[in-house]
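Since every read-out is calculated from the coordinates, none of them should be taken as a lab result. Note that the coordinates shown come from a computational prediction; the quantities given were computed from them, not determined experimentally. Cβ placement follows ideal geometry from the backbone for every residue including glycine, while neighbour counts extend to all protein chains displayed.
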Amino acid sequence: MKKVFLIRFFEILPGALTWSAIILPIIFTFIAPIPVIIFILLFDLYWVYKSIIMGLHLFSGYQKMKKQLLIDWSKKLAELPRQNLLHAVIFTNYKESIDIVEPSVESIVNAHTSGDRIILVLATEDRDKENAKILVKHLKDKYQKHFFDFIVTSHKLALGEMAGKGANATWAAEILSKIIRDKKIKPEQVIVTTADADTRFHQEYFNCLSYYFIITSDRTRCSFQPIPIYSNNIWHATVIARILAFGSSFWQMIESTRPWRLINFSTHSMCLKTLEDMDYWNCQVVNEDSRQFWRAYYRLGGHHRVVPLFLPVYMDAVMGKNIKDTIKNQYQQRLRWAYGIEHAPFILSQTFTRNNIRFWDKFTKAFRFLENNFSWATASIFIAIVGWLPLLMSPDVNQTILVFNVRVYATRLLGFAWVGLMVSAIISMKLLPPRPKNFHPIKSFYMLAQWILIPIVAILFSSIPAIDAQTRLMLGRYMGFRVTDKRQVKS
């Protein structure tokens with residue numbers, strides 16, 4: 001009974017903090033507006049500082065990626081002692097078309113890594129049987145000869161599992177483990193990469209991954225994380241999808257420059273032996289990728305870290321049949337990502353019960369998790385709406401010298417935040433793939449000018465989905481997994 005109470009308390013806590021932060025300034029605007037104004041000014045100051053720091057880290061991350069893209073990883077790998085490593089790539093698939101999956105498979109075939117060192121695992125769902133038959137026949141007939149092995153799995157949902165990527169990937173990895181052991185291959189020599197069906201790998205990705213896997217002494221206690229760049233269909237995506245796609249890539253780039261903060265996201269790699277020891281992925285959560293970090297961190301007594309790889313994997317921006325459908329799909333994707341707050345009960349309960357981890361380390365990570373989700377939900381609303389309420393709703397206060405100065409300084413402070421935004425805009429232009437021939441050159445200008453919409457997009461597709469996710473968890477209205485529609489457009 002006590003455990004159930006604590007779990008519900010930890011589920012309620014994030015949403016309660018967020019709603020309190022939004023509602024209380026509104027209430028105190030009528031009771032004590034001056035303290036609210038001072039608080040908002042301090043918040044603006046903090047956010048400007050954070051924006052500048054993130055801008056610097058983004059620039060640093062971009063420079064590191066440029067540097068790694070120039071490295072001949074095949075040559076660097078050849079300089080190391082030879083190790084018989086195998087790569088296994090698990091593509092989880094549900095209702096994805098050939099147009100989505102085939103370019104991803106081709107990216108592995110075209111990689112600068114011998115195909116006889118790569119196992120392809122196509123993880124399909126039994127509830128998508130007819131589509132899977134068509135997909136498997138086409139891909140296996142065409143590409144099987146290029147790989148050490150081409151494994152096809154069909155996952156049937158079991159009692160207690162959530163319909164989603166975690167359960168499918170786990171089923172596929174269990175079959176992979178059996179095949180590996182039947183072939184007398186040590187699981188310590190197999191690097192498993194799990195990826196969405198639209199993931200296309202850079203040609204040197206597997207060489208780079210092998211290199212870092214070999215030089216990392218505690219590699220069975222590590223995950224390896226590339227930079228996701230959502231650019232496969234970026235020229236055809238709507239302005240909202242483009243801004244959010246770049247924003248997601250930039251956040252991962254920023255966090256990769258701070259590896260002590262880095263957490264698994266989407267495509268990531270781990271040693272098969274580590275996966276076996278962890279019982280693979282969690283089959284009962286929506287966001288299995290980030291949960292994988294927390295599971296490993298606590299299970300290994302705090303001795304787990306994510307090694308950043310500054311090489312990109314290319315993925316699709318969200319698209320739908322039309323603008324309305326795209327907006328709906330985009331919101332659902334952001335809601336699913338924001339529902340990473342589902343980890344709060346697990347993280348907080350483990351923080352207070354795991355005595356084999358240094359307190360400061362586990363406390364800092366738990367606090368950072370809560371702070372990130374709190375900022376995700378509130379920052380844009382604070383800056384754009386809540387911060388100005390005392391000035392709009394308390395006419396008498398507007399006549400004071402303090403409020404006049406606050407208005408001036410707040411405007412100037414937020415002006416500095418645009419510096420970080422300009423860094424994002426410039427780097428986004430450098431990450432764009434070549435413009436399709438049927439697009440007018442003015443489209444490039446739109447790609448740059450779109451960043452002026454970031455305050456609106458941030459509220460509608462970052463803050464509101466985050467509040468929605470936290471509220472659902474707070475009220476016990478738990479989410480299930482929903483596949484995001486990503487449509488390929490042939491240029």
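Just a few scattered comments:
- Taken over the Cα atoms of the stretch 84-321, the convex hull encloses 127 Å³ per residue.
- For the stretch 40-146, alpha-carbon Rg relative to the globular expectation (2.2 N^0.38 Å, N residues): 1.64
- Here the relative contact order of the stretch 72-194, from alpha carbon pairs under 8 Å that lie six or more residues apart, stands at 34 percent.
- Calculated P(r) tail over 33 Å for the chain, as whole % of Cα pairs: 41
- With each label modelled as a point 7 angstrom along the Cα→C-beta vector, the Lys443-Asp149 pair spans 4.3 nm.
- Spacing of the two label points (7 Å from each Cα toward its C-beta) at Ser60 and Ala16, in nm: 3.7
- Backbone N under 14 Å from the Phe363 label point (7 Å along Cα→Cβ), restricted to the stretch 323-352: 351-352
- Rg ratio (alpha-carbon, reference 2.2 N^0.38 Å) - the stretch 200-277: 1.28
- P(r) of the stretch 263-368 over all Cα-Cα pairs, binned every 5 Å from zero, in whole percent: 2, 10, 18, 19, 18, 14, 8, 6, 3, 1, 0
- Subtracting the Cα-Cα distance of Lys67 and Asp126 from their residue separation scaled by 0.36 nm leaves 16.9 nm.
- Diffusion constant of the stretch 55-96 at 25 °C, which comes from Stokes-Einstein with the Kirkwood Cα-pair radius and 0.890 mPa s, µm²/s: 176
- Which listed pairs, of Lys95/Lys133; Lys95/Lys165; Lys95/Lys140; Lys273/Lys365; Lys145/Lys183; Lys137/Lys186, have C-alpha distances above 20 Å, in listed order: Lys273/Lys365; Lys137/Lys186
- Note on Leu80 and Ile456: the extension gain reaches 130.4 nm, defined as 0.36 nm multiplied by sequence separation minus the Cα-Cα distance.
- Here r is the Cβ-Cβ distance between Lys178 and Ile98 and R0 is 22 Å; the resulting FRET efficiency, rounded to 0.05, is 0.20.
- Whichever aspartates and glutamates have a C-alpha closer than 20 Å to that of Lys184, once near sequence neighbours (fewer than 8 apart) are set aside: Asp116, Asp149, Glu174, Glu276, Asp277
- Euclidean distance between Cα centres, the stretch 262-309 to the stretch 66-97, Å: 19
- Fraction of C-alpha pairs exceeding 19 angstrom in the stretch 132-226: 57 percent, rounded to a whole number.
- Hydrophobic long helices, here whole DSSP H runs in the chain with Kyte-Doolittle means of at least 0.5 and Cα atoms spread over 30 Å or more along the helix axis, are found at 2-31, 33-69, 401-431.
- Here each label is just a point 7 Å from Cα along the line to Cβ, and for Ile185 and Ile215 those points are 2.5 nm apart.
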